[in-house]
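Here's the structure, in structure tokens; my notes come after.
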Amino acid sequence: MKQVAIIGGGPAGLMAAEVLSAAGLGVTVYEAMPTFGRKFLLAGKSGLNITHSEEFLKFAERFGKASERLRPSLEAFTPSDVREWAAGLGTETFVGTSGRVFPKAMKASPLLRAWLKRLEAQGVALKTRHRWVGFDGNSYRFETPGGEITMRPDATLLALGGASWPKLGSDAAWVGRLREKDIAVRDLEPANCGFDVAWSETFRERFAGEPLKSVAATSNAGTFQGEFVISRHGVEGSLVYAHSAALRDCLSERGQASLLLDLMPGRTVERIQRDLARQDTKASFSNRLRKRTGLEGVKAALLRELVSDANRMPPEELAKLIKALPIPLLRPRPIAEAISSAGGVAWSEIDENYMLKAMPGLFAAGEMLDWEAPTGGYLLTACFATGRAAARGIAAWLARR
């Protein structure tokens, strides 16, 4: 029986193990951490967003420049397939109001336990505390509790994740090892991340942790409505994450970027201007905003924080500012805090079966490839799909040998 080593016990690696073991191959999964799927479990603590229910053609376009390359793997394992797969493991799912799909139990742990049980029943060897530390010719070196070992399987899959949440195992140590083999790896960057803003100490102390609800934000990514949170460092939350790739790239290319905020998406600028024009000029600025527009609390404070002379502006200028308030950003938050990462193994290094062209028999899948996705179940679905696609590639390659 031919043997396959899978290095990395996250969603992509475990999905590949399922496909390969079902095909009759010997499979061993090597995981550096004490348990499998740690990032998967943490992502599911507040409700595992396993996929998204939107129309597939739109779903498949959510991966930016990598969408075309990912399309075949996504077509072979669609969001509907993800739901059927989860149901086969005893996890029924439902569609939330935003179109996101969650397990009815709202937890990742039951699904992961059932999954690992299935893999063991299929003969998969699951090895924890086995950290891949590099190549030894055509072999792979691992640090284990019993000392260093060297393995030379018939084929190997790297499914080591990106660089976000490194304490859970995805520390990107693999980048240097592949670059030493002249494999092109695009620098890893934070994705679905917050950004630093130069808040005043007064604003930071008073409003850190406060949500801005029912707002709209615009960047090169488009205009989206939702909410985000003022943090001690800047801004974070779902609405910011929707713009993070565009804002990160703008900062990288131009050295500056702003998130344009509409504080009152339900009203036109003309309506706000008329409301402000009727204000009592003797009242305080806060009272005028509250009584004439309904702006108060953190929204009113943000306006004053970013535009020091807002209280002296004529109604027409202030109305425009309320509808398009720029938040100047300094930099993305560190990649260790990001939900996911961008960058990774260049697609030019990978063939259609997810094998490294320069290293026959070595495959890669999941977040360590050069793609990124917004939040909403896209990332997890693509990890599943690329893991399955790489597994099919491995099986086909081994069949020809």
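Could you tell me how far the Cα centroid of the range 137-186 sits from the Cα centroid of the range 13-47, in Å? Computed from Cα coordinates, the inter-centre distance equals 16 Å.
Maximal additional length on extending the Arg232-Arg401 stretch stands at 55.1 nm, based on 0.36 nm per residue less the C-alpha distance.
Between Ala346 and Lys291, full extension at 0.36 nm per residue minus the direct alpha carbon distance yields a gain of 14.3 nm. The distance separating the Cα centre of the range 369-401 from that of the range 209-237 comes to 32 Å. Rg and Dmax, both from the Cα atoms of the range 195-332 and both in Å, are 14.8, 46.
Close amide H pairs (under 5 Å, H built 1.01 Å from N) link Trp371 with Gly343, residues at least 5 positions away or on another chain.
Projecting each Cα onto the charge dipole of the range 195-332 (Lys/Arg +1, Asp/Glu -1 at the beta carbon, about the Cα centre), which of Cys250, Val307, Gly209 comes out farthest on the positive side? Going by the charge dipole, the pick is Val307.
For the range 178-266, what is the Kirkwood hydrodynamic radius in Å, using each pair of distinct C-alpha atoms? Taking the inverse mean of 1/r over all distinct Cα pairs, the range 178-266 comes out at 14.4 Å. Out of every Cα-Cα pair that the chain contains, those further apart than 31 angstrom amount to 44 percent. Dipole check for the chain: with +1 at the C-beta of Lys and Arg, -1 at the C-beta of Asp and Glu, and the Cα centre as origin, the magnitude is about 800 Debye. Across the range 355-381, the residues whose backbone nitrogen lies under 19 Å from the label position 7 Å along the beta-carbon direction of Asp154 are 355-356, 360-364. Helix 11-22 and the longest principal axis of the Cα set of the chain meet at an angle near 30°.
Projecting label points 7 angstrom from Cα along Cα→Cβ for Glu120 and Ala324 puts them 6.1 nm apart. Ordered by the count of other Cβ atoms within 10 Å of each Cβ, fewest first, Cys250, Cys383, Cys193 give Cys250, Cys193, Cys383. Less than 5 angstrom separates the built amide H of Gly234 from those of Val197, all sequence-distant by 5 or more or on a different chain.
Expressed as a fraction of 2.2 N^0.38 Å, the C-alpha radius of gyration for the range 65-124 is 1.33. Here the Karplus relation 6.51 cos²θ - 1.76 cosθ + 1.60, evaluated at θ = phi - 60°, turns the backbone of the range 98-111 into coupling constants of 8, x, 6, 10, 10, x, 4, 6, 6, 9, 8, 4, x, 5 Hz, with x for every Gly and Pro. In percent, how large is the relative contact order of the range 195-332, given Cα pairs closer than 8 Å and 6 or more residues apart? Computed value for the range 195-332: 31 percent relative contact order.
Only the coordinates and a few stated rules stand behind these numbers; no lab work does. Not measured: the values here are computed from a predicted model. Don't worry about glycine lacking a Cβ; one is built from the backbone with ideal geometry, like all the others, and counts go over all protein chains shown.
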